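Let me begin by presenting the structure, written as structure tokens, before commenting on it.
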Amino acid sequence: MTREFLSLLCLGLCLGYEDEKKNEKLPKPSLHAWPSSVVEAQSNVTLKCQAPFQNVTFVLCKVNDSGYNQEQISTENEAEFLFTDLKLKDAGSYFCAYKTTASHEWSESSEHVQLVITDTRTIFVTIFSCISILLLFLSVFIIYRCSQHGSSPEESTKRISHSKLSEQEAAEADLSRMERVSVSTPQGVTYAELNINALSEAASDTTHEPPGSHEYAAVKV
């Protein structure tokens, strides 16, 4: 009776130990990116997951993407997940886990690895666009300032033509006054007196006196 009881006790202890071993949490693996977690587009990168046990099944998952799930069976304690011809959509946060044949349950998740994909062409296009816009605004500003402080060639031509026309009209007016003075002045008047009469005629025009007043005065004398 005692022997049967000891046998049952040993059997129960063994079964309990196996159940406890199955329910035991597996330690979490480690995840690394090689050659780097920051890579250029259309290049290659490898995510390596390592576990403390051999002959395990690894799984690679992506944060915020429940449909992404890559499994790999390995006879060693690590698995490599290769990414080729990387695209911008491959960027994100990754983690891995594993399970053994005895546990049938996945281990704790590894630390997350942030994969960053850079595209030099996009950066170049962005910089070129910013420089083009800056130059365009600068050109518009310079043209605006020039238009404020300067004038167009047509306006300059009009001002020159108007100036020449004013000078020509002034010369004709002086000539007309000289002729009127010479006609109205009697013989024997000197050149100095003629000039004095011309100046008097010009002064009378500026004070808006009626035309011909000096002529009348000369004839009267």
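Nothing in this text is a laboratory measurement; each read-out follows from the coordinates by a stated rule. Bear in mind that the values here come from a model prediction, so they are computed numbers and not experimental data. Ideal geometry is used to build each Cβ from the backbone, glycine not excepted, and the neighbour counts take in all protein chains shown.
Beyond a 18 Å Cα-Cα separation, which of these cross-linked pairs lie in this structure: Lys25/Lys62; Lys28/Lys62; Lys25/Lys48?
Lys25/Lys62; Lys25/Lys48
If packing is taken as the mean number of other Cβ atoms within 10 Å per residue, what is the order of 136-145, 32-41, highest first?
Packing proxy ranking, top to bottom: 32-41, 136-145.
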